[in-house]
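Asks: Right, I'll just put the structure down here and ask away after.
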Amino acid sequence: MTTIRTEKKEDIDAVRQIHLAAFGGREDESRLADRIRESAGFVPELSLVAETSGRIEGHMLISKAELVDGQDVEDTLVLAPIGVLPEAQGRGIGSELIREGIRRAGQLGYKLIFLIGHPSYYPQFGFKPAVDSGLVLMQFDVPDDVFMVLELTEGELVRLAATRKEKYGELKYPQTFFA
Ligand SMILES: CC(C)(COP(=O)(O)OP(=O)(O)OC[C@H]1O[C@@H](n2cnc3c(N)ncnc32)[C@H](O)[C@@H]1OP(=O)(O)O)[C@@H](O)C(=O)NCCC(=O)NCCS
């Protein structure tokens, strides 16, 4: 049985190994997780591990970013990185991490979660293209369908569009993502 729980200090090495393995040896995602953990945007309850029989098999981080509308700036959330050990993929661990992250983020009072991810994986959790709600991402040059948003509070995207001062709202990832 797999348990989804908050990451502890003693999990950090295993978490690094998960991202290294999940992303084919590339260090970008494990380093990103390390930087987010040390940053102001870190939300400890939203750094989740999947543990099966004492072994950490997956990790997901949801952390703070900003939603900007002209002079107005609101706290929001971004999901990244998420990784599951290659030999443990396809057993629902990624889905369990995402569902628990969504549940916790809602409990913490956040209204939206953004991500850049595969458009065939994330819609099952309720993520949809953010551009359809007048939200844009200027920091990364990615196709529209990979920049997605999930509503934790129903009607939030309509509310934002109705009260928006600028033509578009902009999601801004913190500097942590670029260091
Ligand atoms: C993406 C990832 C976290 C999903 O975790 P998981 O435990 O394998 O996910 P689940 O078992 O809940 O779901 C598996 C399904 O997701 C699909 N899937 C996995 N990775 C995918 C991807 N990058 N794009 C689209 N679909 C993907 C699988 O095909 C599978 O579909 P099926 O159930 O119809 O066969 C994991 O595959 C992983 O670590 N991948 C490498 C790192 C990565 O790409 N991270 C995400 C960056 S956006």
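Asks: If you scan segment 93-112, which residues turn out to be free of Cβ contacts under 8 Å to residues at least 40 places away in the same chain and either more than 7 Å from the ligand (Cβ to nearest atom) or at positive phi (or both)? Step through it out loud before you land on a result.
Replies: First pass over segment 93-112, keeping only residues free of Cβ contacts under 8 Å to residues at least 40 places away in the same chain: 94-95, 98-99, 103, 107, 109.
Those that are free of Cβ contacts under 8 Å to residues at least 40 places away in the same chain and either more than 7 Å from the ligand (Cβ to nearest atom) or at positive phi (or both): Ile98, Arg99, Arg103, Gln107, Gly109.
Asks: Checking the conditions here, which among Glu100, Glu166, Glu154 is within 28 Å of Asp28 (Cα to Cα) and not in a strand (DSSP E or B)?
Replies: Values: Glu166 fails: within 28 Å of Asp28 (Cα to Cα); Glu154 fails: within 28 Å of Asp28 (Cα to Cα).
Checking each option against the conditions leaves just Glu100.
Asks: In this structure, is Met1 among the hydrophobic types (A, V, I, L, M, F, W, C) and touching a helix residue (DSSP H, G or I) at 6+ places or on another chain (Cβ under 6 Å)?
Replies: Numbers: among the hydrophobic types (A, V, I, L, M, F, W, C): yes; touching a helix residue (DSSP H, G or I) at 6+ places or on another chain (Cβ under 6 Å): no.
Spelling it out, it is not the case that Met1 is among the hydrophobic types (A, V, I, L, M, F, W, C) and touching a helix residue (DSSP H, G or I) at 6+ places or on another chain (Cβ under 6 Å).
Asks: Is it fair to say Ala33 is assigned to a helix (DSSP H, G or I) and out of contact with any Gly (no Cβ under 6 Å at 6 or more places or on another chain)?
Replies: Numbers: assigned to a helix (DSSP H, G or I): yes; out of contact with any Gly (no Cβ under 6 Å at 6 or more places or on another chain): yes.
Taking the combined requirement at face value, the residue satisfies it.
Asks: Still on this structure: Collect the residues in segment 11-26 that are within 10 Å of the ligand (Cβ to nearest atom) and crowded, with 16+ Cβ neighbours inside 10 Å, keeping them in residue-number order.
Replies: If we filter segment 11-26 for residues that are within 10 Å of the ligand (Cβ to nearest atom), which is where we start, we get 18-19, 21-24, 26.
Passing the criteria: Ile18, His19, Ala21, Ala22.
Asks: To continue, here is another question. Mind counting the residues in segment 1-48 that are under 18 Å from Ala88 (Cβ atoms) and among the small types (Gly, Ala, Ser)?
Replies: Result for segment 1-48: 7.
Read-outs: derived from the displayed coordinates by stated rules, not from any lab. Note that this is a predicted model, so its numbers are computed, not measured. As a convention, Cβ positions derive from the backbone with ideal geometry for all residues, glycine included, and neighbour counts pool all protein chains shown.
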